[in-house]
């Protein structure tokens with residue numbers, strides 16, 4: 001399922017985008033809590049906004065974030081699905 005999160009075009013600044021991002025993050029966490037997989041996308045928004053009638057974005061609104069939610073092929077948890085992390089010393093350095 002794709003969920004298009006949209007904000008009012010009449011609002012200026014970054015607040016509407018930030019609010020939509022918070023909404024996407026909350027739905028993302030809720031989906032994972034229900035055992036579903038979820039991904040947040042920002043790049044398809046341009047395509048969605050150029051075809052608002054196809055994606056049924058209401059007049060006066062713009063797509064900000066796209067959220068994909070669905071079943072996963074296998075059980076996923078934070079440990080087994082995590083990508084390997086680089087050691088702290090490899091990515092952080094202190095200069096005096």
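Laboratory data are not the source of any read-out in this text; all were calculated from the coordinates shown. This is a predicted model, so every value here is computed, not measured. So basically every Cβ, Gly included, is an ideal-geometry build from the backbone, and we count neighbours across all protein chains shown.
For the listed peptides 57-68, 34-45, a ranking on the average number of other beta carbons within 10 Å per residue, highest first, reads 57-68, 34-45. Summary of the geometry: region 54-69 and region 12-32, compared by the centres of their Cα atoms, lie 13 Å apart.
Based on DSSP H segments of at least four residues, each scored -39500 (n - 2.57), the chain has a per-residue ellipticity at 222 nm of -9500 deg cm²/dmol. Highest mean packing comes first when the peptides 6-12, 86-92 are listed by Cβ atoms within 10 Å, giving 6-12, 86-92. Between residue 36 and residue 12, the modelled label-to-label distance comes to 3.7 nm, taking each label 7 Å out from Cα in the direction of the beta carbon. Axis angle, to the nearest 10 degrees, between helix 15-33 and the longest C-alpha principal axis of the chain: 60 degrees. A Förster radius of 35 Å combined with the Cβ-Cβ distance from residue 3 to residue 94 puts the calculated FRET efficiency at roughly 0.25.
Divided by 2.2 N^0.38 Å, where N counts the residues, the Cα radius of gyration of region 1-95 comes to 1.38. Calculated FRET efficiency, residue 53 to residue 74, Cβ-Cβ distance, R0 = 41 Å: about 0.65 to the nearest 0.05.
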